[in-house]
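Visitor: Got a structure here, written out as structure tokens. Questions coming.
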């Protein structure tokens, strides 16, 4: 899959300024030609004006979408390895990224409608930082385990710097391929992050939960995602796999059900109704 489809406005002051300058310059040249003016002067004026507006608008949108004001960077979100996130599934899958694509295309594609590139770290690959792929703060070992700022994860999602995050990268750890059930569970969690970003709710989702909450529910977004994935497990009859059902129910009862953000949850709740084929 390609990484960027279409032309999207970039977010952040620094990416937004050159985008605006190029766009403004082109418009200025054509406007001058049509009106009989000097194309060079029109292009220069358009570039300056567009650059300023692009930077200002890019900065505003970065803040609204939960990105860095200057560069538009949004923190990658991962699924921590805990009893709540671990399933003992019975359906084997090959250790291949094609399995992810198959599950996505057969079950989720019409509900997400985003340009997503899926990645899996090859076992035996060199251990080290994943910053080069855009997953800042994440590292991988030689057998495909991924560790982030808060511990080991089964998957992690990165939004693009483009407006509303129309482009995504989702990276899967080797543990996500232990069964089709586990892979589907990791995938629906990460797709929750995608839909939240697409809805322009990253800023709200990144808000911290009160101190003392379960570490899997560290922010508003993960709170909503845990509720959605619990429904997903119910839909597929997977609550009895390992201790997942009781562990998840305790998390929900203690930290989530009374005060889930309705706007964020509404952006992802349809994923919880998916019955895996």
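The values are calculated or read from the model by the stated rules, or taken from the named source; none is laboratory data. Not measured: the values here are computed from a predicted model. A quick note on method: Cβ atoms are made from the backbone with ideal geometry, for glycine too, and the neighbour counts reach across all protein chains shown.
Visitor: Given the criteria assigned to a loop (DSSP other than H, G, I, E, B) and modelled with pLDDT of 85 or more, does residue 31 qualify?
Guide: no
Visitor: Of all the residues that make up segment 218-277, how many are modelled with pLDDT under 60 and farther than 20 Å from residue 180 by Cα?
Guide: In the first step, residues of segment 218-277 are kept if they are modelled with pLDDT under 60; the result is 242-249, 251-258.
Still in the running and farther than 20 Å from residue 180 by Cα: 246-247, 249, 251-258.
Residues that pass the stated criteria total 11.
Visitor: I'd like the residue in segment 83-104 that is at pLDDT below 85 and crowded, with 17+ Cβ neighbours inside 10 Å and, out of all such residues, is nearest to residue 192 (Cα to Cα).
Guide: Here the answer is 85.
Visitor: Collect the residues in segment 105-145 that are surrounded by 14 or more Cβ atoms within 10 Å (Cβ to Cβ), in a helix (DSSP H, G or I) and at pLDDT below 80, keeping them in residue-number order.
Guide: 133
Visitor: Please indicate, with yes or no, whether at least one residue in segment 148-162 is at pLDDT below 80 and in contact with a helix residue (DSSP H, G or I) (Cβ under 6 Å, 6 or more places away or on another chain).
Guide: Yes, segment 148-162 contains a residue that is at pLDDT below 80 and in contact with a helix residue (DSSP H, G or I) (Cβ under 6 Å, 6 or more places away or on another chain).
Visitor: Here is a follow-up. Please verify whether segment 54-63 includes one or more residues that are part of a loop (DSSP other than H, G, I, E, B), under 30 Å from residue 119 (Cα atoms) and at pLDDT below 80.
Guide: Step one: of segment 54-63, the residues part of a loop (DSSP other than H, G, I, E, B) are none.
Within segment 54-63, none of the residues are part of a loop (DSSP other than H, G, I, E, B), under 30 Å from residue 119 (Cα atoms) and at pLDDT below 80.
Visitor: For segment 165-196, how many residues are modelled with pLDDT under 85 and assigned to a helix (DSSP H, G or I)?
Guide: 1
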